[in-house]
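The values are calculated or read from the model by the stated rules, or taken from the named source; none is laboratory data. Since the model is a prediction, treat every value here as computed from it, not as a measurement. Virtual Cβ from ideal backbone geometry, glycine too; neighbours counted across all protein chains shown. Just so you know, the surface numbers come from the protein's heavy atoms only, side chains and all, with ligands and any DNA or RNA stripped out. Shrake-Rupley method; radii C 1.70, N 1.55, O 1.52, S 1.80 Å.
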Amino acid sequence: MKQQQLIDRLGRVHNNLRISVTDRCNIRCFYCMPNEAIQFKPRDELLTFEEITRVVSVAAARGVNRLRITGGEPLVRAELPDLISRLAEIEGIEDIALTTNGVLLADQAAALYQAGLSRLNISLDGLQEETFQRITRREGLQRVLDGIFTARQVGFEKIRLNAVAIQGITEEEIIPLAHFARTHAFELRFIEFMPLDSEQRWETSQVLTGAVIRDVLEAEFGALVPAERPDPSQPAVDYDFADGKGSVGFINPVSQPFCSACNRLRITAEGQFRNCLFSTVEWDARQLLRGGGSDEDLAQLLHDCVDHKQPGHGIDSPGFEKPERPMYQIGG
Ligand code: SAM
Ligand code: SF4
């Protein structure tokens, strides 16, 4: 029997679930994690693969058909391909994507592809090792590049490069990244820096907006041509390059919020449902999973979470309250 869909008070239909599988990471991007003294969740607090699979089955029966695996860095979670293959078998799941920093991708790309992963987003903020180290406070750009090309070799057709844009740090990376993506036929998306860092360093002045990046690209490559928008809930606004070679997208959560079409729900690595990156409230699925709750109870929790979704994140409103948890604990 078809169950009730996850529709909120504004009529937004939630078919997209982002699953964080760990809060751990092998690098330390300043916009997401502290550099040291990090208190990771004890491993027994993280949802097991069985628990994640159960949550997804309940969500899929309520209309969720797209998943994104994230973290922390999802590739540091042991046996990840096993989870992907379990999720790929769930009735109703049509698309499973993964967001990764790419450092461990060369070793795991083939197993992930064979397990049924549909798409990869790889974070690449620049092409210079110096920029990489300034942002991540670790070495490793070459490993990320190896990961990107290995993923292509093993069969991933849809590879998207995500670049967080930061005023004073990544301006010089914009044009080289665009050349790189065009040359190798990768999709490229620029993301505005959001107030989800753990060191309270975010300031509006550090946001390199999509509009500024677009001007830089147009000066180099000619006018960008607005691309078709097959999925109105997609966060990015996409453009084609004037010469028809490749496209570029902008995710502008700060300067152009897209909350009115948001269809996304999240579950943190330790099993808390969230209805927004910026939500200050969570719904405890782990307690239900480990306390004998039924699938109906889990579904009700999902509906409660959806019912409480706010119209928008309010970053630019005077009463904006930054979530207590930084990005790595939520799952981007
Ligand atoms: N570790 C993986 C990675 O970096 O791709 C997955 C998790 S990461 C939290 C997901 C995405 O969020 C990455 O593309 C990352 O660059 C982005 N991100 C992290 N903190 C951000 C922030 N404060 N503002 C904008 N994007 C951010
Ligand atoms: Fe790790 Fe991703 Fe956060 Fe960077 S953005 S610290 S790679 S979880």
**Prompt:** Mind checking which residues of region 292-332 are within 16 Å of ligand 2 (Cβ to nearest atom), touching a Phe, Trp or Tyr at 6+ places or on another chain (Cβ under 9 Å) and at pLDDT below 85?
**Reply:** PRO323
**Asked** Out of curiosity, is ARG134 within 20 Å of LEU188 (Cα to Cα), out of contact with any Asp or Glu (no Cβ under 8 Å at 6 or more places or on another chain) and basic (Lys, Arg)?
**Response** no
**Request:** Would you please list the contacts, defined by Cβ atoms under 8 Å and residues six or more apart or on different chains, that run from a residue in region 117-143 that is within 13 Å of LEU105 (Cβ to Cβ) and within 11 Å of ligand 2 (Cβ to nearest atom) to a residue that is among the small types (Gly, Ala, Ser) and part of a helix (DSSP H, G or I)?
**Result:** ILE122/GLY147; ILE122/ALA151
**Item:** Close pairs (8 angstrom Cβ cut-off, 6 or more residues apart or separate chains): under 20 Å from PHE149 (Cβ atoms) and away from ligand 1 (no atom under 16 Å from the Cβ) in region 74-102, aliphatic (A, V, I, L, M) and part of a helix (DSSP H, G or I) anywhere
**Value:** PRO81/ALA111; PRO81/LEU112; PRO81/ALA115
**Message:** Looking at (1) within 14 Å of the chain's Cα centre (by Cα); (2) open to solvent by 10 Å² or more (accessible area, probe 1.4 Å); (3) in contact (Cβ under 8 Å) with a residue 60 or more places away in the chain, which one does SER247 not meet, given that it meets all the others?
**Reply:** (1)
**Prompt:** Are any of the residues in region 189-210 in contact with a strand residue (DSSP E or B) (Cβ under 8 Å, 6 or more places away or on another chain), part of a helix (DSSP H, G or I), open to solvent by 30 Å² or more (accessible area, probe 1.4 Å) and within 12 Å of ligand 1 (Cβ to nearest atom)?
**Reply:** yes
**Request:** Test LEU67 against the criterion of being within 16 Å of THR22 (Cα to Cα), assigned to a helix (DSSP H, G or I) and within 16 Å of ligand 1 (Cβ to nearest atom), and give yes or no.
**Result:** no
**Request:** Output the residue which, of all residues in region 299-332 that are among the charged types (D, E, K, R) and under 22 Å from the mean Cα position of the chain (by Cα), is least open to solvent (accessible area, probe 1.4 Å).
**Result:** LYS309
**Single condition THR48 does not satisfy, out of (1) within 21 Å of LEU298 (Cβ to Cβ); (2) hydroxyl-bearing (Ser, Thr, Tyr); (3) touching a residue at least 60 places away in the same chain (Cβ under 8 Å)** = (3)
**Fill in**
Counted residues in region 56-73 being within 16 Å of ligand 2 (Cβ to nearest atom) and either free of Cβ contacts under 8 Å to residues at least 24 places away in the same chain or among the hydrophobic types (A, V, I, L, M, F, W, C) (or both) come to 1
**Request:** Output the number of residues of region 1-54 satisfying the condition of being more than 16 Å from ligand 1 (Cβ to nearest atom), open to solvent by 30 Å² or more (accessible area, probe 1.4 Å), assigned to a loop (DSSP other than H, G, I, E, B) and not β-branched (Val, Ile, Thr).
**Result:** 13
**Message:** Going residue by residue through region 220-232, is there one that turns out to be open to solvent by less than 40 Å² (accessible area, probe 1.4 Å) and more than 17 Å from PHE190 (Cα to Cα)?
**Reply:** yes
**Asked** Here are GLY155, GLY147: which of them is free of Cβ contacts under 8 Å to residues at least 60 places away in the same chain and in contact with a Phe, Trp or Tyr (Cβ under 7 Å, 6 or more places away or on another chain)?
**Response** GLY155
**Asked** Quick one: would you say GLY244 is in a loop (DSSP other than H, G, I, E, B), of a type outside the set (S, T, N, Q) and within 20 Å of HIS184 (Cα to Cα)?
**Response** yes
